[in-house]
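Q: Here it is, the structure, as structure tokens.
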Protein chains: 2
Amino acid sequence: MKNKKTTIDDIAMLAGVSVRTISRVINNSPMVGEATRAKVLQIIKDLDYHPNAQARGLAARRSYLLGMIYDNPDALYINNVQRGVLSVCRELGYELVVHPCDMHSDSLTIEAVGFVNRSKLDGVIILPPVSENNDLAGVFEKAGVNYVRLASVALDKAENVVISNDRSAAASMADHLVGLGHRRIGYITGPLGMKSTQERLDGFRDALEKHGCKPDNEMIVTGEYTFNSGAECACELLKNPDPPTAIFASNDEMAVGTIKAARQLGLNVPGDLSVCGFDDSILASRSYPTLTTIRRPVKEMARLATAKLIASIDGREDDARAMNIVTPYLVPRESTAAK
Amino acid sequence: MKNKKTTIDDIAMLAGVSVRTISRVINNSPMVGEATRAKVLQIIKDLDYHPNAQARGLAARRSYLLGMIYDNPDALYINNVQRGVLSVCRELGYELVVHPCDMHSDSLTIEAVGFVNRSKLDGVIILPPVSENNDLAGVFEKAGVNYVRLASVALDKAENVVISNDRSAAASMADHLVGLGHRRIGYITGPLGMKSTQERLDGFRDALEKHGCKPDNEMIVTGEYTFNSGAECACELLKNPDPPTAIFASNDEMAVGTIKAARQLGLNVPGDLSVCGFDDSILASRSYPTLTTIRRPVKEMARLATAKLIASIDGREDDARAMNIVTPYLVPRESTAAK
DNA sequence: CTGAAAGCGCTAACAT
DNA sequence: ATGTTAGCGCTTTCAG
């Protein structure tokens, strides 16, 4: 790299004080005279000095590195989370190390703990669906690793989770459809093991029940959160003797698949069939017709999670324990219409 | 964290050898007896020992951290690159620190160098369009920072760039359209400053010329690589007294915008108008009709770039200097048809 | 409020 | 082929 990196000693030298003092100003310790601090700061600036993060970490047992663990094919979601996390990292002087993994691997937990130990991460943020793995959380807990999970239910202590209220969001979509006059509404779930699948379905069902139109079991089919599964499930719903007038696919990929299936069956959306999704991914605004969907404040969740994580790292328990729950909201577009 | 981290000394203790030897086996030095190595490895495994990356880095002036610098709104692209980079990182024991930035900021270079110095990164991968900034590259060069750029032209020494041959890809799309009988073809460019814009346009123009149908200037309009700009540019092309029978939008977002515009004008795609894009993003397979486009081997480029970067870091000059150029290829779908 | 000095865990000359 | 030991650059008791 550079010819000769300037070190804390150089600064101490020039400032005519001990390294201890320099260290104090670098770490914003209040126990430094104003004059001294100003002088040191100036010298640091003049020399464009950057403390060596490794040395700092080694001595202080802190790396100023956060990790992000996930196994999610949705690039848009990952990217959104990443940006939210980074915006807070930047403010607070942290860097982000990304770590996709295989959530079905036997060695997931070992691998994950290895990752944080190896890189000496100060904490990790875990994205769904990996975040639903309680073993992983347990291992982190036991190992004393700071972590925050992004989830759709309160599956951990307040300081370890940020929640998206998918249930009430799904309910609001049900309200929307009923409000448009739909009574027979098909629903395509996500994979059965996932919490978000259950939450969204429960929200949908409860809302319909409240409106007095409990859905038949045959109006609820199991998808995989994929485009193709959406198309297949939609066909299944639509070939029912008494087909639905609206289909709520529990994510956008499946909703777009549903639109495709409808088109192939000669149905007009939203004329013959209303379709809606969940996520407000890029597909929603680009599809034809554009998709009525639910927007999750993903970036905001990520910001909250990061702030919370850093609060834990800093030992600010109160901040860390603050309850963080965000509520997604409905974005009406062209794909839903009055019956 | 853990009660008592096991260190290299513990291992040395148990193995009955010196730390130097342990260090050697950790770093795969050949100068260790087979028996000794095996024994040490076993103990390391038994104790689940992970060398402290910070201490290692501090002593060896190496962090095993790579950076990725970008300013690109295309989440899919970023995500693809990221996965490619990570796949090589994983094989070679590196971690990835992500760093979005503002390419129009005055302090871009200062900020970027600060980033690598602060985190003591071993090297960085720069994505387009930031990769087209020669100042940045120059500063890295001068600071002795290892870097590799992803680009569409050879704008640096072989060891510092991996190239995607967008020009020939655009040409093959032109061939495709001409092959379908189209002669009057509209073209929507990207933002004028970008290399990829120029390369794709040149490839398109050269190919058409070769086929003896040089496009009118009015058949070439300037877009912004966005959905809306695509729709607007398409309208402009289509309201021409002698409208095109095909439109080549130089990325998928604009191509989808073009399809939307055509629909609004009552044109059938591909019946009345063939449309094609560039990128093979998720939109291409989800749009209606599905989009004929160009697939860039993005992940492969990222892998090459990472391998090259690590070769530089390791001082394996030959590997680092190997010429890396990938050629995107055409993916035919429903949106183009014979005239 | 400030200073001297002992590590943090590992690597790499220099020996053997 | 293996051991000894002096740092790498910073934080942090413990004194002053």
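The values are calculated or read from the model by the stated rules, or taken from the named source; none is laboratory data. Please read all numbers here as calculations on a predicted model, not as lab measurements. Cβ placement follows ideal geometry from the backbone for every residue including glycine, while neighbour counts extend to all protein chains displayed.
Q: In the list B:86, B:76, B:58, which residue meets the criterion of being surrounded by fewer than 21 Cβ atoms within 10 Å (Cβ to Cβ), hydrophobic (A, V, I, L, M, F, W, C), more than 16 Å from DNA strand D (Cβ to nearest atom) and under 30 Å from residue B:126 (Cβ atoms)?
A: After ruling out the rest, the residue left standing is B:76.
Q: Go over the candidates B:63, B:131 one by one and state the one that is polar (S, T, N, Q) and facing chain A (nearest Cβ under 9 Å).
A: Every option except B:63 fails the conditions.
Q: Could I ask something else about it? Quick check on my filter: what residues within region B:1-16 are more than 8 Å from DNA strand C (Cβ to nearest atom) and away from chain A (no Cβ under 14 Å)?
A: B:12, B:13, B:14, B:15, B:16 - these are the residues of region B:1-16 that are more than 8 Å from DNA strand C (Cβ to nearest atom) and away from chain A (no Cβ under 14 Å).
Q: Please give the helices (runs of 4 or more DSSP H) falling wholly within region A:275-330 in which 3 or more residues are hydrophobic (A, V, I, L, M, F, W, C).
A: In region A:275-330, the matching helices (runs of 4 or more DSSP H) lie at A:282-286, A:298-313.
Q: If you don't mind, there's one more thing I want to ask. Out of (1) surrounded by fewer than 20 Cβ atoms within 10 Å (Cβ to Cβ); (2) under 17 Å from the mean Cα position of the chain (by Cα); (3) not hydroxyl-bearing (Ser, Thr, Tyr), what's the single condition that is false for residue A:99?
A: (1)
Q: Kindly indicate whether residue A:83 is touching a helix residue (DSSP H, G or I) at 6+ places or on another chain (Cβ under 7 Å) and more than 10 Å from chain B (Cβ to nearest Cβ).
A: No: the conditions fail for residue A:83.
Q: State all residues of region A:100-128 that are within 14 Å of chain B (Cβ to nearest Cβ) and in contact with a Cys (Cβ under 9 Å, 6 or more places away or on another chain); if no residue qualifies, say none.
A: A:111, A:112, A:115
Q: Identify the single condition in (1) surrounded by 24 or more Cβ atoms within 10 Å (Cβ to Cβ); (2) over 25 Å from residue A:253 (Cβ atoms); (3) modelled with pLDDT under 95 that residue B:246 does not satisfy, given that it satisfies every other one.
A: Answer for residue B:246: the failing condition is (3).
Q: Of all residues in region A:17-47, how many are within 7 Å of DNA strand C (Cβ to nearest atom) and either in a loop (DSSP other than H, G, I, E, B) or hydroxyl-bearing (Ser, Thr, Tyr) (or both)?
A: Of the residues in that region, 8 qualify.
Q: Still on this structure, I have one more. Look at residue A:63 and say whether it is part of a loop (DSSP other than H, G, I, E, B) and either within 15 Å of DNA strand D (Cβ to nearest atom) or touching a Gly at 6+ places or on another chain (Cβ under 9 Å) (or both).
A: For residue A:63, the condition - part of a loop (DSSP other than H, G, I, E, B) and either within 15 Å of DNA strand D (Cβ to nearest atom) or touching a Gly at 6+ places or on another chain (Cβ under 9 Å) (or both) - is met.
Q: Ok, one more. Could you tell me whether region B:305-326 includes any residue that is over 30 Å from residue B:146 (Cβ atoms), buried (at least 21 other Cβ atoms within 10 Å of the Cβ) and of a type in the set (Ser, Thr, Tyr)?
A: No, region B:305-326 contains no residue that is over 30 Å from residue B:146 (Cβ atoms), buried (at least 21 other Cβ atoms within 10 Å of the Cβ) and of a type in the set (Ser, Thr, Tyr).
Q: It is to be established whether one or more residues within region A:10-32 are surrounded by 16 or more Cβ atoms within 10 Å (Cβ to Cβ), within 41 Å of the chain's Cα centre (by Cα), within 13 Å of DNA strand D (Cβ to nearest atom) and touching a residue at least 40 places away in the same chain (Cβ under 8 Å).
A: Scanning region A:10-32, I find no residue that is surrounded by 16 or more Cβ atoms within 10 Å (Cβ to Cβ), within 41 Å of the chain's Cα centre (by Cα), within 13 Å of DNA strand D (Cβ to nearest atom) and touching a residue at least 40 places away in the same chain (Cβ under 8 Å), so the answer is no.
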